[in-house]
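The block underneath contains the structure these notes are about, expressed in structure tokens.
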Amino acid sequence: MSDNRRTYRTIRKAIVQLYPGEPKGNQARRLTTLAAMISGIVLGKSCQLPTIARKAPDHAKADSRIKRYSRWIQNGQVECEECYLPFVRELLIRLARTQTLAFSIDGSEVGDQCITLMISLIYGKRALPGSV
């Protein structure tokens, strides 16, 4: 079994354990895509879709995976509370056990008379963004 596939399976198993019961239907498909994207981020050490698609373990062509991930990110049916929150909560709990967590708050102007407030976790000389 390749390292890509092994990493993907480990991540998917960990994510599924965060949910009560076995995910079914659309939720299971969304979690499969989320696990593939996370494994692509971990293995590719980048958050750019082409890099994620090249490292994610899937038999589809890289261009097809890029489109799939882009649609997933833009999908209004994907709820943060359902897909991201359990994963982020567990990550923060585990990080907090081993180190002091540092956060950065930044307001940026976007569009006409709009402001986005970003709260980022500082980790390994990088800011992992979250939004409010």
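A few notes on this one:
- Of the helices (runs of 4 or more DSSP H) lying entirely inside the stretch 48-132, the ones with 2 or more residues being loosely packed, with under 10 Cβ neighbours inside 10 Å are found at 85-98.
- The residues on offer are 69, 123, and the sole one that is at pLDDT below 85 and closer than 24 Å to residue 4 by Cα is 123.
- Qualifying position, being touching a Phe, Trp or Tyr at 6+ places or on another chain (Cβ under 8 Å), under 22 Å from residue 128 (Cα atoms) and outside the structural domain of residue 123 (by TED's automatic domain parsing), among 71, 30: 30
- Flag if residue 21 is at positive phi, free of Cβ contacts under 8 Å to residues at least 24 places away in the same chain and outside the structural domain of residue 127 (by TED's automatic domain parsing): yes
- Every residue from the stretch 4-47 that is outside any loop (DSSP other than H, G, I, E, B), of a type in the set (D, E, K, R) and modelled with pLDDT under 85: 30
- Residue match in the stretch 96-112 (condition: of a type in the set (Lys, Arg) and under 25 Å from residue 5 (Cα atoms)): no
- Screening residue 59 against (1) under 26 Å from residue 4 (Cα atoms); (2) at pLDDT 85 or above leaves a single unmet condition, (2).
The values are calculated or read from the model by the stated rules, or taken from the named source; none is laboratory data. In this text the structure is predicted, and so the values were computed from the model without any measurement. When we count neighbours, we look across all protein chains shown, and the Cβ atoms used for this are built from the backbone with ideal geometry, even at glycine.
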